[in-house]
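Asks: Can you read through this structure? Questions will come right after.
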Amino acid sequence: MMMGDDVENGNLGPYLDRPRTFPNMRSKPYTPLIFRILRGINVRVLVILLFLGFGYVFYIGASTSPIIVFVFSVCIVSFLLSIYLTKWVLSKDEGPPEMAQISEAIRDGAEGFFKTQYGTISKMAVLLALVILSIYLFRNTTPQQESSGLGRATSACITVAAFLLGALCSGVAGYVGMWVSVRANVRVSSAARRSAREALQIAVRAGGFSALVVVGMAVIGIAILYATFYVWLGVDSPGSMKVTDLPLLLVGYGFGASFVALFAQLGGGIYTKAADVGADLVGKVEQGIPEDDPRNPAVIADLVGDNVGDCAARGADLFESIAAEIISAMILGGTMAQHCKIEDPSGFILFPLVVHSFDLVVSSIGILSIRGTRDSNVKVPLEDPMTILQKGYSVTIILAVLTFFGSTRWLLYTEQAPSAWLNFSLCGLVGIITAYVFVWITKYYTDYKHEPVRTLALSSSTGHGTNIIAGVSLGLESTAIPVLVISVSIISAFWLGHTSGLVDETGSPTGGLFGTAVATMGMLSTAAYILTMDMFGPIADNAGGIVEMSQQPESVREITDVLDAVGNTTKATTKGFAIGSAALASFLLFSAYMDEVSSFAREPFKQVDIAIPEVFIGGLLGSMLIFLFSAWACAAVGRTAQEVVKEVRRQFIERPGIMDYKEKPDYGRCVAIVASASLREMIKPGALAIVSPIVVGFLFRVLGHYTGHPLLGAKVVAALLMFATVSGILMALFLNTAGGAWDNAKKFIETGALGGKGSESHKAAVTGDTVGDPFKDTAGPSLHVLIKMLATITLVMAPVFL
């Protein structure tokens, strides 16, 4: 990473001689290669290329299904709306020069890390693509592939191409999330000088831009891939592949998205929390200076981390969640339609794409429903930002229910079971209610307006130890209600699907699993608005940092503090939402894995008996994987934070004038330390997640070969996946909720409760927040990505286990 000479050498002169100036972390801004190429193309040529691209997209869409044309149209309109939101946000002023200078330092640091991180991820993705290609070239083929004439080479190329496209789109989704956040933060800071409501609106619309692009890309990417394969392979023509088998070719796309999301979440999470922990331990606890104080050498690294950890990583994360859910639901819809002999199965296969197209529509309305005051110069009391966001969410949910019922009647009506669409509508309603309940539960356990966080804050008054004990117990308790909610939703959706009236040739009901898939779609039917609330958090956090560093009046900081506290709650609620959707999506992918094994093995594979010793061992290994992965992720934050602490202490000792504003801290040094360490530390836990299921499956496959149990490898991997999902859901709930509660307990004390800032209670709360940082922003978010990646990697690598 290139630094300015003044940053490297520390030759910045006395602080008072150069007030409020903040050096760039890089010599020039970074723009990804694909965007640089587009910028270099002549405008007229670019317009022609866009028209040709749109023409191709709509041609293959029209050749596939009118439903695909509808999906393309909605996605393009949502992209146009996101462009409008971008222009609206960027039209706002950046405030005084000192604010702009801080924002530029954050922007350059974030873009520099993004370039290095995604360069490393792309190299690993290419290497893994070659491994997948080798496996698929030598694997067995399924009866469906043989009947359609789809050879090994073609199947291998399709899977690898889908994997690389999924990885690319996931990377772009992450970049979009970071790109808007590093430009919106300073505009929110500037708006807070005028109006709290205007600052809220800018943060929400900036998050909305990212959300619409991420969800739109996930939907249109899968739709284009599906339509391209449909036309290229001549699906449903004599002697070719059936449309019900086509979704299986999309699995590589989901794996590519999961692969990038895992490493993005790990690297970004290690970066943001190592910088945060280092800045807090030395700045707040040892030196007694406020959060985001310009005298803290790690403050820029901390603010950069908000963007690479909470924005870029979360964008890739939600992209992966939606892609995995859509693909698994398409597979189950195709399988059910085939078993039920439905004449036109396209509605059941393409239903997930339509649901998320309507998600773009209803979430856009919810985002636009949050408006600023007509006169930004008039100071009005700030309504609780959480209440405003909840109103927008309520609007989105009501519209989602209406569009979901309309979608099921349009696509899932069949003469064989005329009332089945109504049952599936109710399945979707179950999912929507589950999402709302999850948001409410997480808000209850992490918002300082409610008893759990206030009790945790009160425990800080008796010391650091009691704060830690109370936080751990709160996190453990918070797993109970979500598990009950997930259990009820799975059983309810399965029963509604099972009684839908759809039966196979033998008269057995077949709609249960698809009912669960529809519930998962319902839960994610407001995903764009959920991501908007999530992006709101780090943007508000950065805005508060910019206000503090540029030494704005206390009244401005009060506004950003309120937005920041709400942002902590929205980040926690969206993580809870992501865990719930991960549980349902993993259940679907597990079912798809068993169907895939049945196809390759050419024998039924419907049950996994954990009474078999080898299978039980597979389950133990799955649970162990979750704990070991979490340990390595937290340890990575700890080791990196130690380097930051040592560097910050060194600067305070060697530059005593920092505390008196006579010397400038070397911000760039901390940025460089955190960036290099986080990239190094993300490799080990990420490799563990990828290699473990492949190695375990292969070893037990060999053992099964010599003991006369040909499906032993597949059964052991199924147990590993099952136990890892259960353990991972519980662990992620504990880590996310405990970390969020510790953070907001500190925020509650900083409002003036229990002695306020600088009190002994506040110091104990800072310790708790420091412990919770790697929980809620590194290990916890990475776990729910890990769960879905394990499911997709077993689905892609199923031939290795047979």
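Asks: Taking H placed 1.01 Å from N in the peptide plane, check which residues at least 5 places from residue 414 or on another chain put their amide H under 5 Å from its amide H.
Replies: Distant-sequence amide H within range of residue 414: 420, 421.
Asks: Taking the Cα atoms only, what angle lies between the long axis of helix 43-64 and the longest principal axis of the chain, rounded to 10 degrees?
Replies: It is inclined by approximately 40 degrees.
Asks: Another one. Quick one: which of 749-760, 307-318, 787-798, 723-734 comes out on top by average Cβ neighbours within 10 Å, and what's the full order, highest first? The partial results should precede the final answer.
Replies: On the way: 749-760: 16.6, 307-318: 31.9, 787-798: 27.2, 723-734: 24.4.
Put in order of decreasing packing, that is 307-318, 787-798, 723-734, 749-760.
Asks: Once you keep just the Cα pairs under 8 angstrom separated by 6 or more residues, what percentage relative contact order results for the chain?
Replies: 20 percent
Asks: Something else: Among 748, 237, 486, which residue has its Cα positioned farthest towards the positive end of the charge dipole of the chain, with +1 placed on the Cβ of Lys and Arg, -1 on the Cβ of Asp and Glu, and the dipole taken about the Cα centre?
Replies: With unit charges placed on the Cβ atoms, the residue in question is 237.
Asks: Moving on. At what distance in angstrom do the alpha carbon centres of the range 254-297 and the range 530-573 lie from each other?
Replies: Spelled out, the Cα-based centre of one part sits 16 Å from the other.
Asks: For Cα extents along the principal axes in Å, one of (1) 81, 61, 47; (2) 175, 80, 61; (3) 97, 70, 51 was computed from the structure I shared and the rest are decoys. Which label?
Replies: Recomputing Cα extents along the principal axes in Å here picks out (1).
Asks: Quick one: which residues, 5+ away or cross-chain, put their amide H under 5 Å from the amide H of residue 663? H built at 1.01 Å from N.
Replies: Excluding prolines and chain starts, which carry no amide H, the hits are 15, 658.
Asks: Given an 8 Å cut-off on Cα distances and at least 6 residues of separation, report the relative contact order of the range 388-529 as a percent.
Replies: Once normalised by length, the contact order is 34 percent.
Asks: Quick one: putting +1 on the C-beta of Lys and Arg, -1 on the C-beta of Asp and Glu, what dipole do you get for the chain around its Cα centre, in Debye to the nearest 20?
Replies: 860 debye
Asks: What order, most packed first, do the peptides 544-550, 85-91, 592-598 have when packing is the mean number of other Cβ atoms within 10 Å of each residue?
Replies: Descending mean neighbour count gives 544-550, 592-598, 85-91.
Asks: I need the phi-derived Karplus couplings for the range 658-665: 6.51 cos²θ - 1.76 cosθ + 1.60, θ = phi - 60°, integer Hz, Gly and Pro marked x.
Replies: Those phi angles translate into 4, 5, 9, 6, 8, 10, 8, x Hz.
Asks: Report, to the nearest 10°, how far helix 251-279 tilts away from the longest principal axis of the Cα atoms in the chain, using its own Cα long axis and a range of 0 to 90°.
Replies: 20 degrees
Asks: Students often check this: by mean Cβ neighbours within 10 Å, which of 55-63, 95-103, 268-276 ranks highest, and how do the rest follow?
Replies: 268-276, 95-103, 55-63
Asks: As a test of the formula, what do you get for the chain when each DSSP H run with n ≥ 4 contributes -39,500 (n - 2.57) and the sum is divided by the residue count, at 222 nm and rounded to the nearest 500 deg cm²/dmol?
Replies: -26500 deg cm²/dmol, from helical runs alone.
Quick note: the coordinates plus some simple rules give every number you see, no bench work behind them. Since the model is a prediction, treat every value here as computed from it, not as a measurement. Glycine gets a Cβ as well: all are built from the backbone with ideal geometry, and neighbour counts include every protein chain shown.
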